Amino acid sequence: MPWPRSATTVAEPGGSAEAVEGNGRRRVLEAIGLDDEHTAVYRLILQAPSASIDELIASAALPAGRVHEVLAELERLGLLARQASAPDRVVASPPAVALRPMLLERERGLTQAHEALVQLSELYRTGAARREAPDVVDVVLGADAVRQRFAQLQASATQQVRVFVLSEVAFLDADENLAEDDALARGVRYRVIVEKPVLERPGFIDAAREAATFGEEVRVLPTLPTRLIIADDAMALLPMRSHGEERSSGALLVHPSGLLDLVVSIFEVFWANSTEFISTGDLPGSHDSVDRDLLKLLLLGLTDAAAGAQLGISVRTVQRRVAELMETAGVTTRIQLGAEAVRRAWV
């Protein structure tokens, strides 16, 4: 698909449009470290709904081999992705998602970098407005590229991040997810729903309780349909396949659209039906909040051994505490204890 060879520019007082465009390119160079060739190719992609390699070669005035090298580098940096409806074509990643983490790492050029980001975002919006319906979803191929997008979404979030966590392998291991720590430190709210088997991971309860002090809420459901992360209401990432032997290392990046609205609504429905399990206070008549945590874990279906392992107590201690709670509640079975705990708002 053809597109204009020159960027849309706005002349400043006392300067030509060409001068403004040149200054913008220099700002990009200084802000994110791209050379002229990378910047030229990226700007071409930004102005089009999508682009084939042949179209880029024809418009970039660069040797074919060099265009291939530039595209590979832009993809490595997370600045472009493969189009969902035609994998041989590329689309630009939203500058606000792909470039912001780089800008934040270069504090000296922060002001100039934000000006470049605004300019590139405007180019992106111009091209995105002409996108066809299938292009509201980009395909991200390869485990490294998926992990990069996962981190970028968190780094770009300003208000909240919503996540589904399956018991199977996640987008990124918890100890590798430094972007989450940075986002929480910026005041970004996290709402996380985990599958019940995740509660049995060693140290999960302690980690969730610590994260709660930084504004992360964790809830539980027996099962979830897929892994998912939503950054603000701007972008969502979910795997191409979540279960079974055909699970791949690719993911789908969902742009603002009716589809994204649906994904956000689905999360909110799951959130409303999920169960909290982090203690907010002591259980009346008991020694400490361990009893509240114990009741919640048992009601969620964990065994005595699994619940005890999460709380750092033995199976015998679990059984003793349950017996004491049954006596306090005036019941004779665990089923009755569960009903009475809910009635008395112990959980």
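The values are calculated or read from the model by the stated rules, or taken from the named source; none is laboratory data. None of the values given here were measured: they were computed from a predicted structure. So basically every Cβ, Gly included, is an ideal-geometry build from the backbone, and we count neighbours across all protein chains shown.
Based on this model, can you work out whether PRO2 counts as over 23 Å from ALA98 (Cβ atoms) and modelled with pLDDT under 80?
Yes: the conditions hold for PRO2.
Could you say whether any residue in the stretch 238-245 is outside any helix (DSSP H, G or I) and at pLDDT 85 or above? Talk me through it step by step, then tell me what you get.
So in the stretch 238-245, the residues outside any helix (DSSP H, G or I) come out as 238-245.
Narrowing the set further to residues that are at pLDDT 85 or above leaves 238-239.
Yes, the conditions are met somewhere in the stretch 238-245.
Going by what's in this entry, would ALA51 be described as surrounded by 14 or more Cβ atoms within 10 Å (Cβ to Cβ), over 26 Å from LEU252 (Cα atoms), of a type outside the set (Ser, Thr, Tyr) and at pLDDT 70 or above?
Details: surrounded by 14 or more Cβ atoms within 10 Å (Cβ to Cβ): yes; over 26 Å from LEU252 (Cα atoms): no; of a type outside the set (Ser, Thr, Tyr): yes; at pLDDT 70 or above: yes.
Taking the combined requirement at face value, the residue does not satisfy it.
Looking only at the stretch 324-347, which residues are under 42 Å from the mean Cα position of the chain (by Cα), surrounded by fewer than 17 Cβ atoms within 10 Å (Cβ to Cβ) and of a type in the set (Gly, Ala, Ser)?
ALA339, ALA345
Give all pairs with beta carbons closer than 8 Å in which a residue from the stretch 55-68 that is closer than 15 Å to VAL90 by Cα meets a residue that is part of a loop (DSSP other than H, G, I, E, B) and at pLDDT below 85; count only pairs at least 6 apart in sequence or on separate chains.
Close Cβ pairs satisfying both conditions: GLU55/MET1; GLU55/PRO2; GLU55/TRP3; GLU55/ALA48; SER59/TRP3; SER59/ARG5.
Please list, ordered by first then second residue, the pairs with beta carbon atoms under 6 Å, 6 or more apart or interchain, first in the stretch 223-234 and among the hydrophobic types (A, V, I, L, M, F, W, C), second part of a loop (DSSP other than H, G, I, E, B) and buried (at least 19 other Cβ atoms within 10 Å of the Cβ).
LEU224/LEU166; ALA231/ALA157
Can you pull out the residues in the stretch 61-77 that are at negative phi and surrounded by fewer than 19 Cβ atoms within 10 Å (Cβ to Cβ)? Even if it seems obvious, please write down each step before you answer.
As a first pass, look at the stretch 61-77 and keep what is at negative phi: 62-77.
Within the stretch 61-77, LEU62, PRO63, ALA64, GLY65, ARG66, HIS68, GLU69, ALA72, GLU73, ARG76, LEU77 qualify.
Sort out which residues of the stretch 297-331 are part of a helix (DSSP H, G or I) and either among the polar types (S, T, N, Q) or assigned by TED's automatic domain parsing to the domain that holds ILE193 (or both), and write them in order of number.
GLN310, THR317, GLN319, THR328
Tell me, yes or no, whether the stretch 28-42 has at least one residue that is surrounded by fewer than 16 Cβ atoms within 10 Å (Cβ to Cβ), at pLDDT below 75 and closer than 30 Å to GLY250 by Cα.
Scanning the stretch 28-42 turns up at least one residue that is surrounded by fewer than 16 Cβ atoms within 10 Å (Cβ to Cβ), at pLDDT below 75 and closer than 30 Å to GLY250 by Cα.
Return only the number of the condition from (1) within 31 Å of the chain's Cα centre (by Cα); (2) crowded, with 17+ Cβ neighbours inside 10 Å that ARG321 does not satisfy.
(1)
Going through the stretch 247-295 one residue at a time, which ones are in contact with a strand residue (DSSP E or B) (Cβ under 9 Å, 6 or more places away or on another chain), part of a helix (DSSP H, G or I) and modelled with pLDDT under 80?
Passing the criteria: none in range.
Output the residue which, of all residues in the stretch 144-167 that are aliphatic (A, V, I, L, M) and part of a strand (DSSP E or B), is farthest from ARG201 (Cα to Cα).
Result: VAL161.
Among the small types (Gly, Ala, Ser), farther than 18 Å from GLY203 by Cβ and modelled with pLDDT of 85 or more: which single residue out of ALA323, ALA345 fits that description?
ALA323
Show the residue pairs meeting these rules: Cβ distance below 6 Å; 6+ apart or different chains; first residue within the stretch 288-306 and within 21 Å of ALA345 (Cβ to Cβ); second residue of a type in the set (Val, Ile, Thr) and part of a loop (DSSP other than H, G, I, E, B).
Qualifying pairs under 6 Å: LEU295/VAL347; LYS296/VAL347.
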